[in-house]
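The values are calculated or read from the model by the stated rules, or taken from the named source; none is laboratory data. All values derive from a computational prediction rather than experimental measurement. Here the Cβ positions follow ideal geometry from the backbone for every residue, glycine too, while neighbour counts run over all protein chains shown.
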Amino acid sequence: MAVRPRSFRRVLTAGLLGLVVGANGAVIVWLWVHGGNVSEHLSTGELLTSIGRITGLLASYTGLLQVLLLARLPWLERLVGFDRLSVWHRWNGHACLDLVLAHVVLTVWGYALMDKVSLPREISTMLGGGVYPGMITATVGTGLLIAVVVTSIVIVRRRLRYETWYAVHFAAYAGIALAWFHQIPTGNELVLDRVAADYWRALYVVTLGLLVIFRVFVPLAKAFRHRLRVEEVVAEGPGVVSLRITGRKLDRLQARAGQFFLWRFLDRRRWWASHPFSLSAAPDGRSLRITAKALGDFSARMSEIRPGTRVLAEGPFGVFTEAARRREKVVLIGGGIGITPIRALMEDMAGDVVVLYRVLSDDDALLRDELDAIARERGTRLLVIAGDHATPEGGRLLSPDHLREIVPDIAERQVYLCGPPAMTEALERNVRRADVPGRLVHTEKFAL
């Protein structure tokens, strides 16, 4: 199968996007330079505060980018995929925090040198002396950003509830909002430079506008248009439940097998938080189906959702679809609950397709009857690979050598991988060691 022509358009669009992001960064640096911050005659204190200003400005810029990365911009998500956006969001968040901390340290240190006082005395003056307006809001905003990063690390490592992660990240919006009151009305060069101040106001207004449009107005408009509601709740097995969701004009959602939505069920216990679930059946224009395993507080109680419950859905998201296919021959590999988008793709993909389903035991295989039926109907080769990876025998399963044994021509195939993050990362390494080019390995990780 030849590479699709739109691949060039995606590369071109990505290049233009990178150019816009870089150009805005260059403008910010240019405004800083021409604001009198670079000179051969700066004292040590003035140099430190000057560097502190540019780190603060870049921190604000990365903060705005942080909001846009997960603002549900459809064209951006289709361009790079939600999974990659999440990675960019994480690394950009670390960069934003590092710049904020550098801004604080360098600025306090520089002013202490210029005022010829100790660091504690300078901090006391900044916070309580009434000399530097906006410092309280800046301190609170910095504290919120630190809290978001620290709690995110704890949540990931300890696997705390998704609801906790969801609530914590709202603090990031508050932190960025508080940065406005520190930066625009009271920032040194922005108070004196109207052009720079107007430029920053425009950046904030555009970011806020996009956020409100795509996080509020678009989901509400879709809710009124499609009137989604739970039609059926089906127990697929111990701790596994499927929800069939119906509505109006579902074909206009343009959902594809392999994609996911952020689902918000409007009952008393679940209305306030949305949760990501992939489609577990190819959309037919009449209904959408999701399947979940009891892995957390929310998924464990999905069987309690009643038919008739109203639903808000943001999406569809993801590029884990047939549209990403670049080879006639394909291997779909799913692990655990990661089989759900694979099962949907089986209905959508024609041609030479092999499906590998990795589970601990045969009893853990979800939707097994459906998988077998689709495989028979479409002539797909389906292999359930069962075994505990902690044992010597199970540890060899889906290793590079094992992959070559069960799929001898794997190096000629495009590979789709979906499952828990640790499993997906390990399998991605194994697939590449089995001589599959990295550009033909397509992953979707089931994670926060």
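Looking at GLY22, is it modelled with pLDDT of 85 or more and either buried (at least 17 other Cβ atoms within 10 Å of the Cβ) or outside the structural domain of LEU211 (by TED's automatic domain parsing) (or both)? Even if it seems obvious, please write down each step before you answer.
Working: modelled with pLDDT of 85 or more: yes; either buried (at least 17 other Cβ atoms within 10 Å of the Cβ) or outside the structural domain of LEU211 (by TED's automatic domain parsing) (or both): no.
No, not satisfied.
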query = What are the residue pairs meeting all of these: first residue in region 42-56, first residue over 23 Å from CYS96 (Cα atoms), second residue crowded, with 16+ Cβ neighbours inside 10 Å and at pLDDT 90 or above, Cβ atoms under 6 Å, and 6 or more apart or on different chains?
reply = THR44/LEU113; GLY45/GLY110; GLY45/LEU113
ask   = Tell me, which residue of region 279-296 that is more than 21 Å from the chain's Cα centre (by Cα) and not charged (D, E, K, R) is modelled with the lowest pLDDT?
value = ALA294
task = Could you tell me whether any residue of region 398-420 is of a type in the set (A, V, I, L, M), farther than 27 Å from ARG244 by Cα and under 25 Å from the mean Cα position of the chain (by Cα)?
result = yes
task = Restrict the check to region 78-86 and report whether at least one residue is among the charged types (D, E, K, R), outside any loop (DSSP other than H, G, I, E, B), under 20 Å from ILE146 (Cβ atoms) and in the same structural domain as GLY143 (by TED's automatic domain parsing).
result = no
Residues that are among the hydrophobic types (A, V, I, L, M, F, W, C) and more than 30 Å from ALA235 (Cα to Cα), drawn from region 399-424 = LEU403, ILE406, VAL407, ILE410, ALA411, VAL415
key: strands (runs of 3 or more DSSP E) (entirely within region 204-278) containing at least 3 residues that are outside the structural domain of TYR173 (by TED's automatic domain parsing) and at pLDDT 90 or above   = 229-237, 240-246, 260-265
ask   = Just checking, how many residues over region 395-429 are in a helix (DSSP H, G or I) and surrounded by fewer than 19 Cβ atoms within 10 Å (Cβ to Cβ)?
value = 14
request  = Can you confirm whether region 372-389 contains a residue that is of a type in the set (A, V, I, L, M, F, W, C), in a helix (DSSP H, G or I) and more than 25 Å from ALA282 (Cα to Cα)?
outcome  = no
query = If you check THR309, THR380, THR391, THR340, which single one turns out to be in the same structural domain as ALA255 (by TED's automatic domain parsing) and not aliphatic (A, V, I, L, M)?
reply = THR309
message = Considering only residues that are in a helix (DSSP H, G or I) and either charged (D, E, K, R) or over 41 Å from the mean Cα position of the chain (by Cα) (or both), which ones fall in region 33-51?
response = THR44, GLU46
ask   = What number of residues within region 282-310 are crowded, with 21+ Cβ neighbours inside 10 Å and either without any contact (Cβ under 8 Å) to a residue 40 or more places away in the chain or in a loop (DSSP other than H, G, I, E, B) (or both)?
value = 1
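Yes or no, residue by residue, for (1) within 24 Å of PHE181 (Cβ to Cβ); (2) touching a helix residue (DSSP H, G or I) at 6+ places or on another chain (Cβ under 7 Å); (3) among the basic types (Lys, Arg); (4) surrounded by fewer than 19 Cβ atoms within 10 Å (Cβ to Cβ):
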residue: LEU73; (1), (2), (3), (4): no, yes, no, yes
residue: ARG84; (1), (2), (3), (4): no, no, yes, yes
residue: HIS103; (1), (2), (3), (4): yes, yes, no, no
residue: ILE146; (1), (2), (3), (4): yes, yes, no, yes
message = Tell me yes or no: at least one residue of region 355-377 is over 29 Å from LEU262 (Cα atoms) and buried (at least 18 other Cβ atoms within 10 Å of the Cβ).
response = no
remark   = Picked from region 332-367 (must be more than 21 Å from LEU403 (Cα to Cα) and among the small types (Gly, Ala, Ser)), the residue modelled with the highest pLDDT is ALA344
ask   = Does ALA313 count as more than 12 Å from TYR416 (Cβ to Cβ), in contact (Cβ under 8 Å) with a residue 60 or more places away in the chain and in contact with a strand residue (DSSP E or B) (Cβ under 8 Å, 6 or more places away or on another chain)?
value = yes
request  = Check region 413-430 and report whether any residue there is outside the structural domain of GLY239 (by TED's automatic domain parsing), without any contact (Cβ under 8 Å) to a residue 24 or more places away in the chain, small (Gly, Ala, Ser) and out of contact with any Pro (no Cβ under 7 Å at 6 or more places or on another chain).
outcome  = yes
